[in-house]
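All remarks here apply to the structure that follows.
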Amino acid sequence: MNDSISTALILTPSARLARSLQQAHAQKNMVSGKKSWPTLYVKTLAHWLDEVITHGLLTGDINVTRAPEKCLTALEERMLWQEVVGQHLKSHDFSALFDLSGLADVCIEANKYVVAWQLPLENSASQSAQETQYFLRWQQLFRARCRALNVLENVRYFDWQIACLENNIQ
């Protein structure tokens, strides 16, 4: 790495890789006998996006009234899915037999893929298996609950951040 790289932003997919790059940069400079050097500007994509969005909200570049209150934590998302699925299953005769925690985990995973890959499941809902129909109903209820709370799950929050970047770059 040359010195010009230390002033460039390096985005990584994980905090572990970011730390490894910073350690390698420090090691290289120590071996070359330097007493001080510029810090390598390494961030995870998520951390960098959070900083950019926060800056945009503070400067008014991003309309605060259109921003979600927050991004749900993994625990909050799981609890919200459990609430939605549990309320929907109350009407079933055997609702006590369902594993709400397990169903919530499966819904979280399925929702991530549906949103991230923009899968058009709604169009085939009437021809889908009953499990898929239930999931699509639960997903609708989950999204409605998120809208009511003005929050987003992680996968939609990421999409919102990217949309903010696109709108402010153009």
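The values are calculated or read from the model by the stated rules, or taken from the named source; none is laboratory data. Please read these numbers as outputs of a predicted model, since none were measured by experiment. A quick note on method: Cβ atoms are made from the backbone with ideal geometry, for glycine too, and the neighbour counts reach across all protein chains shown. Note: accessible area is taken over every heavy atom of the protein model, side chains too, but ligands, DNA and RNA are not part of it. Shrake-Rupley method; radii C 1.70, N 1.55, O 1.52, S 1.80 Å.
Points to keep in mind about this one:
Okay, residues lined up against (1) within 16 Å of the chain's Cα centre (by Cα); (2) within 21 Å of E153 (Cβ to Cβ); (3) at pLDDT below 95; (4) not polar (S, T, N, Q):
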{"site": "P38", "(1), (2), (3), (4)": "no, no, yes, yes"}
{"site": "A46", "(1), (2), (3), (4)": "yes, yes, yes, yes"}
{"site": "L57", "(1), (2), (3), (4)": "no, yes, yes, yes"}
{"site": "G60", "(1), (2), (3), (4)": "no, no, yes, yes"}
{"site": "P68", "(1), (2), (3), (4)": "yes, yes, no, yes"}
{"site": "C71", "(1), (2), (3), (4)": "yes, yes, no, yes"}
{"site": "E77", "(1), (2), (3), (4)": "yes, yes, no, yes"}
{"site": "L80", "(1), (2), (3), (4)": "yes, yes, no, yes"}
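- Being part of a helix (DSSP H, G or I) and under 23 Å from H47 (Cβ atoms) is a property that does not hold for V106.
- Residue in segment 83-102 that is in contact with a Ser or Thr (Cβ under 9 Å, 6 or more places away or on another chain) and of a type in the set (K, R) present: no
- Meets criteria (modelled with pLDDT under 90 and among the basic types (K, R)) for K90: yes
- Against the conditions (1) out of contact with any Asp or Glu (no Cβ under 9 Å at 6 or more places or on another chain); (2) free of Cβ contacts under 8 Å to residues at least 40 places away in the same chain; (3) open to solvent by 80 Å² or more (accessible area, probe 1.4 Å); (4) over 27 Å from R145 (Cα atoms), H47 satisfies every one except (4).
- Subset of segment 65-94 (residues that are assigned to a loop (DSSP other than H, G, I, E, B), without any contact (Cβ under 8 Å) to a residue 40 or more places away in the chain and open to solvent by 80 Å² or more (accessible area, probe 1.4 Å)): K90, S91, D93, F94
- Every residue from segment 96-105 that is within 21 Å of the chain's Cα centre (by Cα) and surrounded by fewer than 15 Cβ atoms within 10 Å (Cβ to Cβ): S101, G102, D105
- Evaluation of I62 against (1) open to solvent by 70 Å² or more (accessible area, probe 1.4 Å); (2) part of a loop (DSSP other than H, G, I, E, B); (3) hydrophobic (A, V, I, L, M, F, W, C) (one fails), failing number: (1)
- Test: residue in segment 37-59 that is of a type in the set (S, T, N, Q) and more than 24 Å from E166 (Cα to Cα): yes
- Of note, L11 does not satisfy the criterion of being assigned to a helix (DSSP H, G or I) and within 25 Å of the chain's Cα centre (by Cα).
- All positions within segment 19-40 that are surrounded by 16 or more Cβ atoms within 10 Å (Cβ to Cβ) and touching a helix residue (DSSP H, G or I) at 6+ places or on another chain (Cβ under 8 Å): H25, L40
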